Amino acid sequence: MFDQAGIAAAIKSKYGAQVRQPWLEQCVAHIDTELGAAGGPGSESRLQLEAQVRLVLEQLVSSEIGDSCYPVLRVDAGSGCVCGLPAGAGVLLQVQEIMDVGVSKHAMWEAVREMEDYEQRGIRPSYLPELDDGEGGGVFTVSGTQHGGPQAAGTDGDQEGERKPKIPRGMLKLVLTDGQTRLAALETEPIPQLDVGLPIGTKVLVSSGQLLAPTGVLCMESTGIQVLGGAPAQYQQCTLRRRLETVLRGGPGAQT
């Protein structure tokens, strides 16, 4: 049997999240069904607590945080702004918005279009500037995958030494939430784990950072945030391209 009390205590201790009991019960029932289908009745009885926590956490990061966890951010009664992070290892939060405020939205939209063109047709778009002679070596794309320098020539005019287009990088602004309270957060230095294409709904563990009074904006530190992954299904359509188009049109939910 799953040790629900042990799972809840372990998640609170390690991730600062207070799991809602009804959600945990449904989660455990779902995992139990999956395990039973894979390994027969009683498969969960052989799992150690650490494995049980890992299985529940996999479901947790893909859930809507307001459904799975109680709110934990401390809010100032007067201003309504976040006034402190919970003590302990950190706090589990969900990325509700992310945008680069240090780069033109038009430039990012063009870069997204160029990347799509490159990936769909397998060639470097004709409107991109030519690479300087001698450029080579690996380059990290927005997905975090390292691609080598020279590539074999393609059938559509692809030439050796061409590189995959990249999203320009400036300073990221995020809106994080514990399911009830929204917390604005800014990079004070580039944080390798973060990029503007991070899926909405991704869970992060925030363990440190400076809260600026009286606004309650969090200045993030590279050592104080850990991306856990996951994303609820309802945010699958919130791609970077669609978010940029919303901003450029000035529609509802447009970010500055």
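The values are calculated or read from the model by the stated rules, or taken from the named source; none is laboratory data. Keep in mind it's a predicted model, so treat the numbers as computed, not measured. Positions of Cβ are generated from backbone atoms using ideal geometry, with glycine treated the same way; all protein chains shown enter the neighbour counts.
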- Task: Could you tell me which residue of the range 74-111 is farthest from Ala213 (Cα to Cα), considering only residues that are surrounded by 15 or more Cβ atoms within 10 Å (Cβ to Cβ) and of a type in the set (Val, Ile, Thr)?
- Result: Val103
- Message: Residues that are within 25 Å of Pro86 (Cβ to Cβ) and assigned to a loop (DSSP other than H, G, I, E, B): does the range 235-251 have at least one?
- Response: no
- Considering residues of the range 213-232 that are aliphatic (A, V, I, L, M) and modelled with pLDDT under 90 only, the residue surrounded by the fewest Cβ atoms within 10 Å (Cβ to Cβ): Ala213
- Within the range 180-199, residues being more than 16 Å from Met108 (Cβ to Cβ) and surrounded by 19 or more Cβ atoms within 10 Å (Cβ to Cβ) number 2
- Wholly within the range 170-226, strands (runs of 3 or more DSSP E) carrying at least 1 residues that are under 17 Å from the mean Cα position of the chain (by Cα) and in contact (Cβ under 8 Å) with a residue 24 or more places away in the chain: 172-177, 182-187, 203-206, 217-220
- Which of the residues spanning the range 13-27 are at pLDDT 95 or above, within 20 Å of Leu228 (Cα to Cα) and in a helix (DSSP H, G or I)? Trp23, Leu24, Cys27
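Every residue, every condition in (1) over 20 Å from the mean Cα position of the chain (by Cα); (2) modelled with pLDDT of 95 or more; (3) surrounded by fewer than 18 Cβ atoms within 10 Å (Cβ to Cβ); (4) more than 29 Å from Pro199 (Cα to Cα), yes or no:
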site: Ala38; (1), (2), (3), (4): yes, no, yes, yes
site: Glu44; (1), (2), (3), (4): yes, no, no, yes
site: Gln52; (1), (2), (3), (4): yes, no, no, no
site: Val72; (1), (2), (3), (4): no, no, no, no
- Item | Failed item, numbered, when Thr33 is tested on (1) in contact with a Pro (Cβ under 6 Å, 6 or more places away or on another chain); (2) more than 30 Å from Leu194 (Cβ to Cβ) | (1)
- Note on the structure: Within the range 56-112, residues being part of a loop (DSSP other than H, G, I, E, B) and closer than 20 Å to Val175 by Cβ number 16
